[in-house]
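Trainee: The structure is given below, and queries will be raised subsequently.
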Amino acid sequence: MGARDRWLYVNDYPMDRIGLFPLAEGMQGHRGTLTFRDEVTDLPGRVGTISLARESESTPRRIVLETIGRGTSAANLQTRLREIRQRFSEGEIEVRFQDDIEKLFYCKLESIDVTGIAPMIPQPNHNLRITLLAQDPLIYDRNATVAGFSAVAGELPLGTAPTFPIVRISGAVTNPVLTYKDFAGNTEQTFGLTVTLASGEFREIDMDKSTIVDEAGLNAISEKSSGDFFSFDPEDAAEEDGPYPTISCSPDANCDALYRKAYL
């Protein structure tokens with residue numbers, strides 16, 4: 001197998017290794033745009049409905065793979081099918097395609113439909129239609145971005161969709177407050193803790209899961225004293241290439257924001 005055969009990775013595993021290859025029909029759904037819901041309401045005395053302000057909500061992304069499974073024998077084909085099922089069934093999986101290898105989708109298996117190729121019994125090949133569902137329909141960078149900051153603001157390069165960071169605040173510092181600003185310097189969000197951290201201690205804030213843990217992994221949500229959990233939003237940047245929003249901490253502390261750039 002050559003590099004050109006590496007068309008699909010599931011949790012970083014190249015699926016051609018177990019005989020899975022695309023058919024001419026190829027793939028559907030991984031290049032398409034998102035479908036946004038329109039919210040409407042009735043008005044008394046008016047025929048039909050009117051649109052309300054659109055929220056940033058979209059339907060899940062469905063990715064359909066039209067593939068052929070190849071074995072070295074009929075028995076090997078069944079062995080490979082079992083492994084294909086297992087690799088696609090490991091809960092939420094990371095899926096990448098060769099045509100944009102540094103981007104990934106978070107998916108769960110919806111179905112695998114197998115169609116035999118005559119004559120079925122001795123045949124070492126069969127067709128598989130694999131359907132994946134991405135409840136989070138965004139596309140993410142394969143590698144995370146780490147932005148360091150302190151009292152000096154750190155710039156936050158972003159994609160085209162909001163992303164939730166994990167922020168670590170390291171001591172020594174007392175009652176740290178995070179300040180998130182747009183590219184023009186306008187404050188968009190703040191997040192404060194009431195805590196005294198000694199050198200070597202830290203608090204890790206997961207903005208997506210709305211959690212705070214200490215260096216021992218213990219729950220520290222009670223230390224949250226102001227502001228709210230927030231995302232980094234590309235609407236707070238001037239352009240996709242920047243200038244970008246920023247984040248800082250006061251009083252001064254050693255901080256990092258870990259996140260994946262997200263794309264529509």
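Nothing in this text is a laboratory measurement; each read-out follows from the coordinates by a stated rule. None of these values were measured; they are calculated from a predicted model. Reconstructed Cβ throughout: ideal geometry from the backbone, glycine too, with neighbour counts over all protein chains shown.
Trainee: To make sure I understand, if each residue's beta carbon is the centre and we count other beta carbons within 10 Å, what order do 141, 16 fall in, fewest to most? Can you show the working numbers first?
Mentor: Numbers: 141 16, 16 19.
Ordered by Cβ neighbours within 10 Å, fewest first: 141, 16.
Trainee: Express the relative contact order of the chain as a whole percentage, based on alpha carbon pairs under 8 Å and six or more residues apart in sequence.
Mentor: 19
Trainee: While we're here: With the dipole of region 145-263 worked out from charges on the C-beta (+1 for Lys and Arg, -1 for Asp and Glu) around the Cα centre, which of 211, 161, 247 lies farthest toward the positive end?
Mentor: It is 211, whose Cα lies furthest towards the positive end.
Trainee: Taking θ = phi - 60°, what integer Hz values does the Karplus form 6.51 cos²θ - 1.76 cosθ + 1.60 yield along region 110-123, in sequence order, with x for Gly and Pro?
Mentor: 9, 6, 10, 9, 10, 10, x, 10, 5, x, 5, 5, x, 5
Trainee: Related question: Net charge near residue 19: determine it from the other residues with C-beta under 11 Å of the C-beta of residue 19, scoring Lys and Arg +1 and Asp and Glu -1.
Mentor: My count for the surroundings of residue 19 gives 0.
Trainee: Next up: What is the ratio of the Cα radius of gyration of region 101-200 to 2.2 N^0.38 Å, where N is its residue count, to two decimals?
Mentor: 1.86
Trainee: Which entry in [x] 0.94; [y] 0.98; [z] 1.09 matches Rg/Rh (Cα atoms, Kirkwood Rh) derived from the coordinates of this structure?
Mentor: Identified label for the calculated read-out: [z].
Trainee: Hey, what do the phi angles of region 128-144 turn into as Karplus ³J(HN,Hα) couplings, whole Hz, using 6.51/-1.76/1.60 and θ = phi - 60°, x for Gly and Pro?
Mentor: Per residue, the Karplus-derived 3J(HN,Hα) values read 10, 10, 9, 10, 10, 10, 9, 4, 8, x, 6, 9, 10, 4, 5, 9, 6 Hz.
Trainee: Taking only Cα atoms of region 145-263, what ratio of Rg to Rh do you get with Rh as the Kirkwood inverse-distance radius?
Mentor: Rg/Rh for region 145-263 comes to 0.96.
Trainee: Over all directions, what mean area does the Cα convex hull of region 169-236 project, stated in square nanometres?
Mentor: Numbers: hull surface 19.3 nm².
One quarter of the hull surface, i.e. the mean projection, equals 4.8 nm².
Trainee: Another question about this same structure. Apply the Karplus parameterisation 6.51 cos²θ - 1.76 cosθ + 1.60, with θ equal to phi minus 60°, to every residue of region 249-264 and state each ³J(HN,Hα) to the nearest whole Hz, in sequence, with x for glycine and proline.
Mentor: Once rounded to whole Hz, the list reads 10, 9, x, 4, 7, 7, 9, 9, 10, 10, 7, 9, 4, 10, 9, 6.
Trainee: Using 0.36 nm per residue, how much length does the chain from residue 206 to residue 241 gain when fully extended, once their Cα-Cα distance is taken away? Walk me through the numbers before you get to the answer.
Mentor: On the way: separation 35, 0.36 × 35 = 12.60 nm, distance 2.59 nm.
My answer for the length gained is 10.0 nm.
Trainee: I've got another one for you. So how much slack lies between residue 12 and residue 194, counting 0.36 nm per residue of separation and subtracting their Cα-Cα distance, in nm?
Mentor: 61.5 nm
Trainee: Would you kindly state how much longer the chain becomes between residue 264 and residue 136 on full extension, computed as 0.36 nm times their sequence separation minus their alpha carbon distance, in nm to one decimal?
Mentor: Additional length available on full extension: 45.0 nm.
Trainee: What is the set of long-range amide H partners of residue 110 at a cut-off below 5 Å, with H atoms built 1.01 Å from backbone N?
Mentor: Residues meeting the criterion, in which the H sits 1.01 Å from N, are 131, 132, 133.
Trainee: Next question, about the same structure. For the chain, take the longest principal axis of its alpha carbons; what is the angle in degrees between that and the long axis of helix 74-88, to the nearest 10 within 0 to 90?
Mentor: The helix 74-88 is inclined about 20 degrees to the chain.
Trainee: From Cα coordinates alone, what are the radius of gyration and Dmax values for region 80-148 in angstrom?
Mentor: 15.9, 61
Trainee: What number, rounded to the nearest 500 deg cm²/dmol, is the helix-based mean residue ellipticity at 222 nm of the chain, given -39500 (n - 2.57) per DSSP H run of at least four residues and division by all its residues?
Mentor: So the calculated ellipticity at 222 nm is -2000 deg cm²/dmol.
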